[in-house]
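Before any comments, here is the structure.
The values are calculated or read from the model by the stated rules, or taken from the named source; none is laboratory data. On a predicted model such as this, the values are computed, not experimentally measured, just so you know. Don't worry about glycine lacking a Cβ; one is built from the backbone with ideal geometry, like all the others, and counts go over all protein chains shown. Only protein heavy atoms, including side chains, enter the accessible area calculation; ligands, DNA and RNA are left aside. Shrake-Rupley method; radii C 1.70, N 1.55, O 1.52, S 1.80 Å.
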Amino acid sequence: MTETATAVVRCGDALEELKKLQEGKFQLIVSSPPYNLGKSYEKKQKIDEYIENYRRIIQELYRVCHNEGGVVWQVGNCVEKGEVFPLDIYFYPLFLETGFKLRNRVIWHFGHGLHASKRFSGRYETALWFTKSDDYVFNLDAVRVPSKYPGKRHYKGEKAGLPSGNPLGKNPSDFWDFLANEWEDGVLEIPNVKSNHPEKTIHPCQFPIELVERFILALTNENDWILDPYGGVGSSLIAALKNKRKGLIIDKELQYLKIAEQRVRDLNNGSLKYRKLGTPVYQPTGREAVSKIPQEWIKGRAQ
Ligand SMILES: C[S@@+](CC[C@H](N)C(=O)[O-])C[C@H]1O[C@@H](n2cnc3c(N)ncnc32)[C@H](O)[C@@H]1O
């Protein structure tokens with residue numbers, strides 16, 4: 001498996017491989033574990049047994065996490081005979097008892113999925129972002145998105161008349177909108193990886209690279225190490241390398257890791273297909289003054 005100065009790919013059990021890693025090495029651990037749905041790569045268990053198995057893993061994540069770093073844990077629901085178990089609710093106490101502090105519970109909304117007939121169709125998953133301490137990296141400017149009304153101005157006080165927003169855009173918030181057909185209609189933010197997505201591989205549930213990139217850009221700096229202990233086809237690794245970070249992934253399935261390695265080679269030779277981060281989100285078409293970029297900011301850009 002790959003072992004270079006910037007990219008490491010390890011095949012094995014997450015807990016066993018985590019035990020071998022250096023304490024405090026990783027600025028960000030970003031991962032989506034199996035959801036206990038009985039997919040080809042997991043054995044379905046009772047929900048309590050499933051969760052209990054993660055207690056030791058989360059303790060290891062705490063050990064290998066940098067003091068100013070954190071974990072992004074992306075999960076959906078486990079469903080048993082029609083009963084829904086929201087996994088973030090189950091995982092949250094384990095992270096808390098280990099010492100992690102929750103900073104955001106990001107809702108990842110997507111427009112497509114299975115159509116339920118006896119309950120409302122599920123259209124979102126969550127990503128819990130925890131930090132190891134109160135002193136942590138958060139680069140908001142790296143991930144700002146275009147504001148809907150950049151022309152808004154303060155209407156009273158000392159700043160009356162001046163633009164009230166930020167020239168770099170607004171905070172992307174904790175609600176991230178994803179649609180499978182975004183690249184067809186060009187209006188939405190980050191699409192879920194479904195069959196016609198440019199990043200799709202044989203993996204049944206891979207991350208969109210762009211989802212990981214937003215976390216990596218906001219929560220790490222260049223040359224930092226990123227870890228994904230359930231690395232699959234390497235979406236976290238690609239997101240790290242693409243942004244001048246270093247990445248280590250673990251997965252027990254060799255077939256996925258071989259694809260991850262091929263994707264790294266494709267990234268290096270410029271042939272990897274991926275959806276670009278920051279594809280325009282929403283361009284207002286109204287003619288109101290608040291829809292227009294302030295003259296001051298346009299002048300500032302030209303200088
Ligand atoms: C939800 S998928 C993650 C997909 C990944 N985010 C991507 O973009 O490709 C979970 C992954 O965990 C792996 N896995 C399951 N049990 C594991 C274990 N005990 N140790 C390591 N990997 C495991 C599976 O093979 C699967 O690829």
Criterion first (free of Cβ contacts under 8 Å to residues at least 40 places away in the same chain, out of contact with any Asp or Glu (no Cβ under 8 Å at 6 or more places or on another chain), surrounded by fewer than 18 Cβ atoms within 10 Å (Cβ to Cβ) and within 25 Å of Ile209 (Cα to Cα)) does Leu168 satisfy it? no
Within the range 92-129, take every residue that is assigned to a loop (DSSP other than H, G, I, E, B) and of a type in the set (Gly, Ala, Ser) and give me the one that is farthest from Tyr35 (Cα to Cα). Gly99
Taking the range 228-246 and keeping residues in contact (Cβ under 8 Å) with a residue 24 or more places away in the chain, farther than 15 Å from Leu211 by Cβ and more than 9 Å from the ligand (Cβ to nearest atom) leaves Leu241, Arg245, Lys246
Which of (1) without any contact (Cβ under 8 Å) to a residue 24 or more places away in the chain; (2) surrounded by fewer than 18 Cβ atoms within 10 Å (Cβ to Cβ) does Asp141 not meet, given it meets every other one? (1)
Number of positions in the range 252-275 that are within 14 Å of the ligand (Cβ to nearest atom), open to solvent by 30 Å² or more (accessible area, probe 1.4 Å), out of contact with any Lys or Arg (no Cβ under 9 Å at 6 or more places or on another chain) and part of a loop (DSSP other than H, G, I, E, B): 2
In the list Glu68, Glu60, which residue meets the criterion of being touching a Lys or Arg at 6+ places or on another chain (Cβ under 9 Å), open to solvent by 10 Å² or more (accessible area, probe 1.4 Å), over 25 Å from Cys205 (Cβ atoms) and not aromatic (Phe, Trp, Tyr)? Glu68
So, Leu96, is that one at negative phi, free of Cβ contacts under 8 Å to residues at least 24 places away in the same chain and away from the ligand (no atom under 15 Å from the Cβ) or not? yes
Exclusive hit being at pLDDT 80 or above and more than 19 Å from Val212 (Cα to Cα), set Glu261, Glu253, Glu288: Glu253
Looking only at the range 20-51, and only at residues there that are surrounded by 13 or more Cβ atoms within 10 Å (Cβ to Cβ) and part of a helix (DSSP H, G or I), the one that is nearest to the ligand (Cβ to nearest atom): Tyr50
Check Lys81 against each of (1) more than 16 Å from the ligand (Cβ to nearest atom); (2) in contact (Cβ under 8 Å) with a residue 12 or more places away in the chain and name the one condition it does not meet. (2)
If you go through the range 4-19, how many residues are open to solvent by 60 Å² or more (accessible area, probe 1.4 Å) and either touching a Ser or Thr at 6+ places or on another chain (Cβ under 7 Å) or of a type in the set (A, V, I, L, M) (or both)? 1
Among the numbered conditions (1) open to solvent by 50 Å² or more (accessible area, probe 1.4 Å); (2) assigned to a loop (DSSP other than H, G, I, E, B), tell me where Ile89 comes up short. (2)
Filtering the range 209-225 down to residues that are surrounded by 22 or more Cβ atoms within 10 Å (Cβ to Cβ) and not hydrophobic (A, V, I, L, M, F, W, C) yields Glu210, Glu213, Arg214, Thr220, Asp224
